[in-house]
Number of protein chains: 2
Amino acid sequence: MEPRSHPRLADVARSAGVSIATASRALSFFEPGQVSDETRERVRQAAVMLGYVPHGAARALATRQTRTIGAVFPPVDNPVFASGTHALAQELAAAGYTLLLASHDYDLQSELAATRALIERGADALVLVGLVHLPETYAALARSGLPYEFTWSLDASGQHHCVGLSHRSASIGATQHLLDLGHSEIAVIAGQTKNNDRALERLSGVRDALSARGLRLPAARVIEAPFSIAEGRRALAQLLEQAPGFTAVVAGNDLLAIGAAVECRSRGITVPAEMSLVGFDDIDLADALDIGLTTVHVPSAQIGREGGRRLLRRLRGESVARELEVEAPLVLRDSTASPRGR
Amino acid sequence: MEPRSHPRLADVARSAGVSIATASRALSFFEPGQVSDETRERVRQAAVMLGYVPHGAARALATRQTRTIGAVFPPVDNPVFASGTHALAQELAAAGYTLLLASHDYDLQSELAATRALIERGADALVLVGLVHLPETYAALARSGLPYEFTWSLDASGQHHCVGLSHRSASIGATQHLLDLGHSEIAVIAGQTKNNDRALERLSGVRDALSARGLRLPAARVIEAPFSIAEGRRALAQLLEQAPGFTAVVAGNDLLAIGAAVECRSRGITVPAEMSLVGFDDIDLADALDIGLTTVHVPSAQIGREGGRRLLRRLRGESVARELEVEAPLVLRDSTASPRGR
DNA sequence: TTGTAGGCGTTATCAT
DNA sequence: ATGATAACGCCTACAA
């Protein structure tokens, strides 16, 4: 007695006593699709009656679009990408699009595989993070002919659409803040710079700011660590051991900075009196702890939202500026102060 | 000179001098697909030569599967769901599947819409969180005929496939820990229980544990708040104002507990000497702060991973136990102790 | 306004 | 082992 399989458009059409074409037009969400109100109503009724669910693949094959947007992200359990993902998904949903998500662990090869997978899956457009990708990834993107958007970073070459910020400039600003406070002995807990332009720019920003004032950054004063609180603790401990004497730390992101803060506390080093700390990202946590973290505010939700919005516009054929630079101001809280004795 | 559009299988076949059928078999990833090694190689060469990319929609239409799995999640910027999402995506990618992700803000109506969208998009299976859903959502799931999995919670009715834990039992355990330490005046900062069985169970677990020892939980000692550190601070402040005298707090999750801890510190209330705190989830942060948070360890990555793995197995036709209960032990750290004067 | 019919790119069945 | 060819379910000129 049960229907052999799911009802299809032909069933709806038959049940409503119209042709398949008319049924299609009546159900088409967009387009008034010239159909008399009465017919449309009849078709709709038949559709719900039968529990009709359009077959996405068939539709995609015919229209050559899936109403799906692919995102290839670094670990989405990083708070920054988590909020970007959420914002992106929300933005897309509001426009009737769905997110095809692939996340990798900062591995360019997996990123390429994921990118290809999303293209094959028929994503109408793609979002990637940063500008460091394999040549094959760039090639795949180009061959696909799909609109794509790079996020978080800006494209110095001006060739690609992107929404993000200059991590270097922001980092310079943060470092200058420390210099202005009177610090000259500065250490860096950088994120891993391999395959990560954000981390790399942030690190070189510190160098630039220092050398602009005639200061150098000794190798022993720099440690690269995976982005996590635990690693931040470890890194600070190691810095203290291998190159003590610094009065301030610039961290590659807030997790690392918070880890450093925790380590300071456990060692009885008071922040900011004895140690100033600057983070990056401004995750919720930065403002939630008792000692507010001075950090560069990176509007990750906005980046996700705008990335989606820009892509959606381009899909509609509207023109969009190639680059959108978001504001990333330094937020002064309680973790920075002049070094002791000044 | 440029090819009119993307090369398709027919182009590859022609270029390799074989029929479309043979080309298809040669490129088929699975299945030895009886093709002579030599032919296969020739076809493959032609494919890369032309930059052939299979058309997912066409394939999906023919095979009736998209190799895509849909997930409808609460805010993925919640650390718990972020790590679940990441683990799920990784698990799927390893099997050649891709994640179709929709996230909502604890809104059942959006959840329904998202669920329908994913079904229409052709997801081969679905993952949802918890068991509180609209009847229409359950109906859509059933009609779709797709395998689906509920996560984080367990299904008391035993009707649905699920992987998760009993939040009630875990909460009872956490509360008993406080009672065993000698606390009798306990307050609760619950997550919002509306449309959230996890939050609700956690709250009622506290009640159950208390009443098992003949204690009651006054309404003034309970506050519901959105899951965030800031809200945790606020909630503790409010509890202190409206119903002081408690010596311990059970929080609906770690963010709320950490917020409470921060508020304590800023008020000079020492933890755990003057106030014991118990969280839920065991996010990274719980173990990273100087005062380690005693909390229920919820293995969110494992839940995501197993959810995916179970679905994948079912898609392969293997049989899978209807329910998988994951371990959620109480992790004792530094935020709980006997109340003063005991 | 409605119907007819061709096409979208693959896979799968059935011969050969 | 390889080749025709019929689905797969929907959209969309084009015709009526």
Practice prompt. Scan the stretch B:174-197 and report the pairs whose first residue is on the phi > 0 side of the Ramachandran plot and whose second residue is part of a loop (DSSP other than H, G, I, E, B), with Cβ atoms within less than 6 Å and a gap of 6+ or a chain change.
Written response: B:Gly182/B:Ser338; B:Gly182/B:Pro339; B:Gly182/B:Arg342; B:Asn195/B:Tyr106; B:Asn195/B:Val132
Item to complete: Within the stretch B:44-69, track down each residue that is closer than 28 Å to A:Ala60 by Cβ, free of Cβ contacts under 8 Å to residues at least 40 places away in the same chain and away from DNA strand C (no atom under 11 Å from the Cβ).
Response: B:Arg44, B:Ala46, B:Val48, B:Met49
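Quick one: in the stretch A:195-235, which of the residues that are β-branched (Val, Ile, Thr) and assigned to a helix (DSSP H, G or I) is surrounded by the most Cβ atoms within 10 Å (Cβ to Cβ)? Talk me through it step by step, then tell me what you get.
Within the stretch A:195-235, the first condition is being β-branched (Val, Ile, Thr), and the residues that meet it are A:206, A:222-223, A:229.
Filter once more, so that each one left must be assigned to a helix (DSSP H, G or I): A:206, A:229.
Values: A:Val206: 25, A:Ile229: 23.
For the stretch A:195-235, the residue satisfying everything is A:Val206.
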Worksheet item: Counting only residues that are of a type in the set (Lys, Arg) and more than 14 Å from B:Asp282 (Cβ to Cβ), which one in the stretch B:322-342 is surrounded by the fewest Cβ atoms within 10 Å (Cβ to Cβ)?
Response: B:Arg342
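Within the stretch B:20-32, can you find the residues that are surrounded by fewer than 18 Cβ atoms within 10 Å (Cβ to Cβ) and either near DNA strand C (Cβ under 8 Å from one of its atoms) or within 14 Å of chain A (Cβ to nearest Cβ) (or both)?
Passing the criteria: B:Ile20, B:Ala21, B:Ser28, B:Phe29, B:Glu31.
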Worksheet entry | Check on A:Pro75, under 19 Å from A:Lys194 (Cα atoms), within 8 Å of chain B (Cβ to nearest Cβ) and of a type outside the set (A, V, I, L, M) | yes
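For the stretch B:280-298, check the following and say yes or no: at least one residue is closer than 30 Å to B:Gln65 by Cβ, surrounded by fewer than 24 Cβ atoms within 10 Å (Cβ to Cβ) and of a type in the set (A, V, I, L, M, F, W, C).
Of the residues in the stretch B:280-298, the ones closer than 30 Å to B:Gln65 by Cβ are none.
Within the stretch B:280-298, none of the residues are closer than 30 Å to B:Gln65 by Cβ, surrounded by fewer than 24 Cβ atoms within 10 Å (Cβ to Cβ) and of a type in the set (A, V, I, L, M, F, W, C).
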Worksheet, complete the sentence: Expected output for the stretch A:245-263 (first residue under 9 Å from A:Ile229 (Cβ atoms) and within 9 Å of chain B (Cβ to nearest Cβ), partner in a loop (DSSP other than H, G, I, E, B) and among the charged types (D, E, K, R), Cβ below 8 Å, 6+ apart or cross-chain) is A:Val262/B:Asp290
Response to the item:
Out of (1) within 8 Å of another protein chain (Cβ to nearest Cβ); (2) over 25 Å from B:Leu118 (Cα atoms); (3) not polar (S, T, N, Q), the one A:Leu101 does not meet is (2)
Discussion item. Based on this model, can you work out whether B:Ala95 counts as of a type in the set (A, V, I, L, M), at the interface with chain A (Cβ under 7 Å from one of its Cβ atoms) and either surrounded by fewer than 24 Cβ atoms within 10 Å (Cβ to Cβ) or touching a helix residue (DSSP H, G or I) at 6+ places or on another chain (Cβ under 9 Å) (or both)?
Written reply: no
Worksheet entry | Counted residues, the stretch B:175-214 - those being in contact with a Leu (Cβ under 8 Å, 6 or more places away or on another chain) and closer than 21 Å to B:Ala156 by Cα | 6
Practice prompt. Would you point out the residue of the stretch B:107-131, among those that are more than 28 Å from B:Ser166 (Cβ to Cβ) and within 7 Å of chain A (Cβ to nearest Cβ), that is surrounded by the fewest Cβ atoms within 10 Å (Cβ to Cβ)?
Written response: B:Glu120
Item to complete: Return only the number of the condition from (1) buried (at least 22 other Cβ atoms within 10 Å of the Cβ); (2) touching a helix residue (DSSP H, G or I) at 6+ places or on another chain (Cβ under 8 Å); (3) modelled with pLDDT of 95 or more that B:Thr68 does not satisfy.
Response: (2)
Response to the item:
For the stretch A:265-298 the number of residues that are over 13 Å from A:Pro79 (Cβ atoms), part of a loop (DSSP other than H, G, I, E, B) and out of contact with any Lys or Arg (no Cβ under 8 Å at 6 or more places or on another chain) is 6
Worksheet item: Could you list, in sequence order, the residues of the stretch B:270-307 that are among the hydrophobic types (A, V, I, L, M, F, W, C), out of contact with any strand residue (DSSP E or B) (no Cβ under 8 Å at 6 or more places or on another chain) and within 12 Å of chain A (Cβ to nearest Cβ)?
Response: B:Ile283, B:Leu285, B:Ala288, B:Leu289, B:Ile291, B:Ala301
Item to complete: Return a yes/no flag: does the stretch A:47-56 have any residue that is within 29 Å of B:Thr137 (Cα to Cα), surrounded by 19 or more Cβ atoms within 10 Å (Cβ to Cβ) and hydrophobic (A, V, I, L, M, F, W, C).
Response: yes
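Specify which of the listed residues (B:Arg233, B:Arg316, B:Arg216) is within 13 Å of B:Ile189 (Cα to Cα), free of Cβ contacts under 8 Å to residues at least 40 places away in the same chain and of a type in the set (D, E, K, R). Let's see the steps before the verdict.
Values: B:Arg316 fails: within 13 Å of B:Ile189 (Cα to Cα); B:Arg216 fails: within 13 Å of B:Ile189 (Cα to Cα).
Just a single option satisfies the conditions, and that option is B:Arg233.
Identify all residues within the stretch A:33-55 that are within 14 Å of chain B (Cβ to nearest Cβ) and either over 21 Å from B:Gly122 (Cα atoms) or more than 8 Å from DNA strand D (Cβ to nearest atom) (or both); write none if there are none.
Of all residues in the stretch A:33-55, those within 14 Å of chain B (Cβ to nearest Cβ) come to A:47-55.
The answer is A:Ala47, A:Val48, A:Met49, A:Leu50, A:Gly51.
The values are calculated or read from the model by the stated rules, or taken from the named source; none is laboratory data. Here the structure is a predicted model, which is why all the values come from computation and not from measurement. We place every Cβ from the backbone using ideal geometry, glycine too, and count neighbours over all the protein chains shown.
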